[in-house]
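S.K.: Have a look at this one before I ask anything.
We did not get these values from a lab; they are worked out from the coordinates using the rules stated. These numbers were taken from a predicted model, which means no experiment stands behind them. Neighbour counts run over all protein chains shown; Cβ positions are idealised from the backbone, glycine included.
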Amino acid sequence: MASFSAVAYYIPYSSSFFPNKPPKFNNRRRNPVVKFTCEAKNGETSPGKLDRRDVLLGLGGLYSTTSLSANPMALADPALPDFKDCIDATQPNKTLINCCPPAASGINDYAPSATTVYTRISAQSVKVGSDYYNKYTEAIQKMKNLSPSDPRNFRQQANVHCAYCDGGYTLKGSPKLLYEVHNSWLFFPWHRWYVYFFEKICQKLIDDDTFTLPFWNWDAPQGMQIPSIYNSNVISPLYDCFRNPDHLPPTVINLEWSYGECDVQVFPKIQIEYNLAIMYTQMITQSKTPNDFFGKAYRAGDDITTLNGAGTIEQTPHNDVHTWTGTAVDQSNTIDMGALYSAARDPIFFAHHANVDRMWTIWLNNLGGSNFTDEDWLNAYFIFYNEEAKPVRVRVKDCLDITKLGYQYEDVPIPWLDGSVKPKPRAKAKTLPSAPDPAQVFPTTLDKPISVIVKRPKKSGTGSSEEILIIEGIEYDKRNYVKFNVFINEDNVNASRPNNTEFLGSFSNLPHGHRMTVKTNKKFRISQVLEELEARDYDEVLVTLIPKSSPVKINGIKIEFDS
């Protein structure tokens, strides 16, 4: 079969490209920039002083050369954000927030070719007052002191995340669809590049190419609280006033934390056991394939609101670390780490995402995972500003080898790789209680616990195929924090804990900008779980959903074999 190539480019909207046609802006751009109650500090320029066109971010898009012979299903053009139609993002309290860029030109392709590899270290190992700490704080302070028109300015770097991840762009060719890099296979590579350029800017500002950002290893006991360097002094450039005051050290992080719930007092040792079990479940039990781990493909014409796209790690623990860290006193005003538009304003964001990036390396190197080979993923590209304040185009395929990016991760213990932390059944081979069939319950609003008996499919033919539990048609407003927990064959959910096999996991959504009614699915692998529950021969299973947020609509539950 002959191959076909589809290539799409973005030409910046500037006077040199469009001399007779000035840019047209959405009317909402005339609204003033929002002022925040947490005042600018340490010389950081207040966002309220910025002109809308001065708010600069790394531009982005996708490039694809699609081969029909290699991937006959990939017939669409790549998903492209429409830069000339950048619109204001919306905070969870419905106030508009500007994240839009000015025009850019002179974009050059960039492929890393580091010859020396430096080690990103655990944030918990850094001592306040050490040489490393002093370099780190110097870099962030200098970034905050840069001119508002400098794309390396700390707030402008934070706006990169706001625009890409909070509905700042529509999808090119589909003006009614919003573009973003969460909830799809772009999540991991986009954030890898984002943290990489933030790190390069730090190196430039302190004139030290050996400097690397730390990672917050919330996946191991020694890292399961906010690192002290981020909470040592309120005048430190690493401090953020919008963290949840109930979760400051020595509080142990809860990797299954939910907004709106009072923090249940659990002994730190027990919470650590729960967290390790969650890591095992998410990284091993529920991450068997690239689709599981990274999320689903995202191409031109795809509606992100119906993509069913988030990977396992993006939902848990990624979302939970955000919500646990950020202010959560009032859901309508979640700030900094607790909402996507503001998350990167907290310096701890980059340590958090360095550890998310580390999960990618662990999945590949320790768990036998593999990257996608789809050309639409490998050749997807984004545009960021580098350490010289110049726009560069980078591709997913060029970030897959982190040694070429010039970094590696400190070798620290990974206790959740040990099978001893694997969730254990609370009770095996139990008699299932009576419950209705899904058809008798759904569609319905999940405003209270719901249990249903779900029939298992009959396997036909030979060969191995894993059973997948699918929560169908989850509908919610993307501006809202959403979460519910899922249990299987659990007749007493109040007695079940995160380190029990009956607890499958959660579905969650971090607050996004713009009103978007999402309709998506959530999948769980259950073959291994049923084996451990001694329920392999059951014809049906009990599924229970427990709401942990404002209500969502559920359209159905079923079990099918993984294709």
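S.K.: Pairs to check: Lys288/Lys459; Lys455/Lys523; Lys296/Lys390. Give those whose C-alpha atoms are more than 25 Å from each other in this structure.
M.R.: As for pairs spanning more than 25 Å Cα to Cα, those are Lys296/Lys390.
S.K.: Hull surface divided by four, with the convex hull built on the Cα atoms of segment 169-292: how many nm²?
M.R.: About 11.8 nm², averaged over all directions.
S.K.: Quick one: which of Lys172/Lys204; Lys448/Lys519; Lys448/Lys478; Lys200/Lys548; Lys135/Lys478 span more than 31 angstrom between C-alpha atoms?
M.R.: Lys172/Lys204; Lys200/Lys548; Lys135/Lys478
S.K.: Counting every Cα pair in segment 118-196, what percent are over 20 Å apart?
M.R.: Values: 1623 of 3081 pairs.
Across segment 118-196, Cα pairs with separations above 20 Å total 53 percent.
S.K.: Taking H placed 1.01 Å from N in the peptide plane, check which residues at least 5 places from Ile97 or on another chain put their amide H under 5 Å from its amide H.
M.R.: Ala89, Thr90, Gln91
S.K.: Also, quick follow-up: Between Thr95 and Arg497, what length in nm is gained on full extension when 0.36 nm per residue of separation is reduced by their alpha carbon distance?
M.R.: Extra length from Thr95 to Arg497 when fully extended: 140.9 nm.
S.K.: Let me ask something else. What nm distance separates the two modelled labels at Thr116 and Asp562, each placed 7 Å from Cα along Cα→Cβ?
M.R.: 4.3
S.K.: Turning to a different aspect of this structure: Taking the Cα-to-Cβ direction at Thr431 and at Lys135 and moving 7 Å from each Cα, how far apart do the two end points lie in nm?
M.R.: 6.7
S.K.: For Thr517 and Leu364, compute 0.36 nm times the residue count separating them, minus their Cα-Cα distance, and round to one decimal in nm.
M.R.: Roughly 51.6 nm would be gained on extension.
S.K.: Step through the residues of segment 350-364 one at a time and calculate ³J(HN,Hα) from phi using the Karplus curve (6.51 cos²θ - 1.76 cosθ + 1.60, θ = phi - 60°), rounding each to whole Hz and writing x for Gly and Pro.
M.R.: Each residue's phi maps through the Karplus curve to give 6, 6, 4, 6, 5, 6, 4, 4, 4, 4, 4, 5, 5, 4, 6 Hz.
S.K.: With θ set to phi - 60° and the Karplus curve 6.51 cos²θ - 1.76 cosθ + 1.60, what are the ³J(HN,Hα) couplings of segment 210-227 in order, to the nearest whole Hz, using x for Gly and Pro?
M.R.: Once θ is set to phi - 60°, the couplings for segment 210-227 become 8, 5, 10, 6, x, 10, 8, 7, 5, 8, 10, x, 5, x, 8, 7, 4, x Hz.
S.K.: Take each of the peptides 521-533, 188-200, average the number of other beta-carbon atoms within 10 Å over its residues, and list them starting from the highest.
M.R.: Ranked by mean Cβ neighbours within 10 Å, highest first: 188-200, 521-533.
S.K.: In nm, to one decimal, how far is the modelled label at Phe267 from the one at Val234, with both set 7 Å along Cα→Cβ?
M.R.: So the two model labels end up 3.5 nm from each other.
S.K.: While we're on this one: In cubic angstrom, how much convex hull volume per residue do the alpha carbon atoms of segment 341-432 span?
M.R.: 233
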